[in-house]
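The values are calculated or read from the model by the stated rules, or taken from the named source; none is laboratory data. All of these numbers come straight from a predicted model, not from anything done at the bench. Using ideal geometry, Cβ is built from the backbone for each residue, glycine included, and neighbour counts are taken over all protein chains shown. With ligands, DNA and RNA removed, areas are computed over all heavy atoms of the protein, side chains included. Shrake-Rupley method; radii C 1.70, N 1.55, O 1.52, S 1.80 Å.
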Amino acid sequence: MVVGLVVTAFWAMLPAYVPNNAAVLAGGGRPIDGGRTWGDRRLLGDGKTWRGTAVGTLVGITLAAGLNVAAAPLGSAIGFSLPTFPPAGALGLAAGAMAGDIAASFVKRRSGRARGAAFPGLDQLDFVVGAILFAFVLAPGWAQATFTLGVLAVIVVVTPVLHVGTNIIAYLIGAKNEPW
Ligand code: CTP
Ligand code: MG
Ligand code: K
């Protein structure tokens, strides 16, 4: 029962988890804010780029398409029914994850944090809130059926653990500048 919830939650959130990591690997180039400032601070900073955002979103959508193919055979092999992703749901999760992370950078700059500074709590959940919000806007029926209260509860607990773990690995292999 609980294992089923965890498996479903993890699977349903994969198109939101992977874009962040893809953006880290693809990052660089022109910043989204074009270097603009508000007061004496950047709007978003050099850590939010067009390339990272575009690649992250595309990787998330592509991953969702792959998961759609794997859901039935893998699900019956492990004995769980794994959700599939309609195009609007996949777009919502991937683009929403990127948007949540971008919104968090705006909050970080406004609160005086430099690029790369940690903001515990926000760092681990910004993309989750963005992804689920966008999914509910773009694919409401699917999102309601997929993100039940139980699944949402698991996501809020499990995501920070996964996020911290992934970022430490990304830091250790040299893909990320900070271990958060
Ligand atoms: N990245 C990107 N575009 C995005 C998100 C991330 O290019 N939309 C890349 C950048 O190279 C960024 C790296 O991934 O430096 C790490 O992402 P993140 O930790 O989110 O950014 P920070 O550099 O820490 O900047 P911020 O403080 O604004 O979060
Ligand atoms: Mg960072
Ligand atoms: K971030």
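List of remarks:
- Solvent-accessible surface of the chain, taken per residue with a 1.4 Å probe and all protein chains present: 50 Å².
- Spin-label model, residue 119/residue 106: points 7 Å from Cα along the beta carbon direction are separated by 1.1 nm.
- In a fully extended conformation the segment linking residue 133 and residue 58 would gain 25.2 nm over its present Cα-Cα distance, using 0.36 nm per residue.
- In this simple spin-label approximation, residue 149 and residue 177 carry label points 7 Å from Cα along the Cα→Cβ vector, and these lie 4.3 nm apart.
- The residue 169 and residue 78 beta-carbon pair, evaluated with R₀ = 30 Å, returns a calculated FRET efficiency of approximately 0.75.
- Most fluctuating residue given options 70, 104, 170, as computed from a GNM of the chain linking Cα atoms under 10 Å: 70
- A protection proxy built from the mean count of other Cβ atoms within 10 Å ranks the segments 145-154, 31-40, most packed first, as 145-154, 31-40.
- Fraction of accessible area attributable to carbon and sulfur, the stretch 84-153 (%, probe 1.4 Å): 74 percent
- Across the stretch 1-70, the mean sequence separation of Cα contacts (distance under 8 Å, 6 or more residues apart), normalised by length, yields a relative contact order of 37 percent.
- For the chain, relative contact order (Cα pairs under 8 Å, six or more residues apart, normalised by length) works out to 24 percent.
- Order of exposure, largest accessible area first, which applies to 11, 50, 180, 142 with probe 1.4 Å: 50, 180, 142, 11
- When Rg and Dmax are taken over the Cα atoms of the stretch 2-172, they come to 16.3, 56 Å.
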